Amino acid sequence: MTGLSSHNPLILILGLVAAAGVTGAVYLLYVARGKETPEIRKQFGALFFIIGLFSLGGFVQLIWSDWAGFPAGHYTELFGVTTGLFTFMLLSAGFFLYTGLGLHALAWPSVLLGLYLIQGARAVLEFNLTRNPPMTFVLWLAAGLASIGILPYVYASESNRQKLAYAGAVVLAVMALAAFITGFFGFYGHIESVIRGQ
C-alpha cells in the first residue's frame, strides 16, 4: 500500500475515545448522584456497545493495513493494541450494562488491560512517540487508571461506589479531553501533511 488510505483510522479512534470518555463520565455522574436506574444502564450500555462497534472497524484497519499510507510499525503496535483493548472494554461493558449483568465479570480482566495501557503510557514518554508525548501519556495513563478503577468500583459499598464514581468521572473527562485535543489537531495536521506533500 503506497497511497493514502481512505481515512486515517487513528483520528477516528481518538474521536471515539473522546466520545466514550464523555459518555462514561456522564454515566458515572448518574451513579455518583444516585440517579442510576435500569433504564439508564440500558441506554448507556447500548451507547458503549455502538461506540465499540465503530472502534472495531478502526482496530481492524490499524492492525491489517499501513495506516495513513505508510508503514508505521510502532504506531500500529501502540495504537493497534490499545484500540483492541478499548474495543473489548466497550463491547463488553455495553453488553453487561444493557443486559443488567453488572460489571463484575469485566472487573478482573480490566485490571490486566489497564496495566497494558499504563505500559503504553510509559513507552510514549520513554521513546518520545507521537507529536505530543505528554498529551499522549496523559491519555494512556487516564485510560489505564479508568480500566483498573473498575475493580474497586464494582466491589465497593454503595456510598463508596458513589465517591469512586465521582473520581472515575474526572479520570474519564481527562481522558476524553486528551483524546479530543490530540485528534482535533491531528485531523488538521494529517490533512496538512498530505496536501503539502503533493
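The values are calculated or read from the model by the stated rules, or taken from the named source; none is laboratory data. What you are looking at is a predicted structure, and each value in this text was computed from that prediction instead of being measured. Note that we place each Cβ from the backbone using ideal geometry, even for glycine, and neighbour counts take in every protein chain shown. Side chains included, ligands, DNA and RNA excluded: accessible areas come from the protein's heavy atoms. Shrake-Rupley method; radii C 1.70, N 1.55, O 1.52, S 1.80 Å.
Quick check on Ala143: is it part of a helix (DSSP H, G or I), touching a Phe, Trp or Tyr at 6+ places or on another chain (Cβ under 9 Å) and open to solvent by less than 70 Å² (accessible area, probe 1.4 Å)? Criteria met by Ala143. Take the conditions (1) farther than 22 Å from Val81 by Cα; (2) modelled with pLDDT under 95; (3) not in a loop (DSSP other than H, G, I, E, B); Phe187 misses just one of them, which is (1).
Residues that are in contact with a Phe, Trp or Tyr (Cβ under 7 Å, 6 or more places away or on another chain) and at pLDDT 95 or above were ranked within the range 91-105; the one that is surrounded by the most Cβ atoms within 10 Å (Cβ to Cβ) is Leu97. Can you work out which of the residues in the range 147-162 that are of a type in the set (Gly, Ala, Ser) and touching a Ser or Thr at 6+ places or on another chain (Cβ under 9 Å) is least open to solvent (accessible area, probe 1.4 Å)? Looking at residues that are of a type in the set (Gly, Ala, Ser) and touching a Ser or Thr at 6+ places or on another chain (Cβ under 9 Å), I get Ser147.
Every condition in (1) in contact with a Ser or Thr (Cβ under 9 Å, 6 or more places away or on another chain); (2) part of a helix (DSSP H, G or I); (3) not β-branched (Val, Ile, Thr) is met by Ala165 except one, and the failing one is (1). Has the range 168-189 got at least one residue that is over 22 Å from Ile11 (Cβ atoms) and open to solvent by less than 30 Å² (accessible area, probe 1.4 Å)? Yes, because at least one residue in the range 168-189 is over 22 Å from Ile11 (Cβ atoms) and open to solvent by less than 30 Å² (accessible area, probe 1.4 Å). When each of Gly144, Gly102 is tested for being in contact with a helix residue (DSSP H, G or I) (Cβ under 8 Å, 6 or more places away or on another chain), without any contact (Cβ under 8 Å) to a residue 60 or more places away in the chain and within 21 Å of Gly45 (Cβ to Cβ), the lone residue that passes is Gly102. In the range 112-136, the residues that are farther than 10 Å from Leu78 by Cα reach residues that are hydroxyl-bearing (Ser, Thr, Tyr) and assigned to a loop (DSSP other than H, G, I, E, B) with C-beta atoms within less than 7 angstrom, at least six apart or across chains, in these pairs: Thr136/Thr130.
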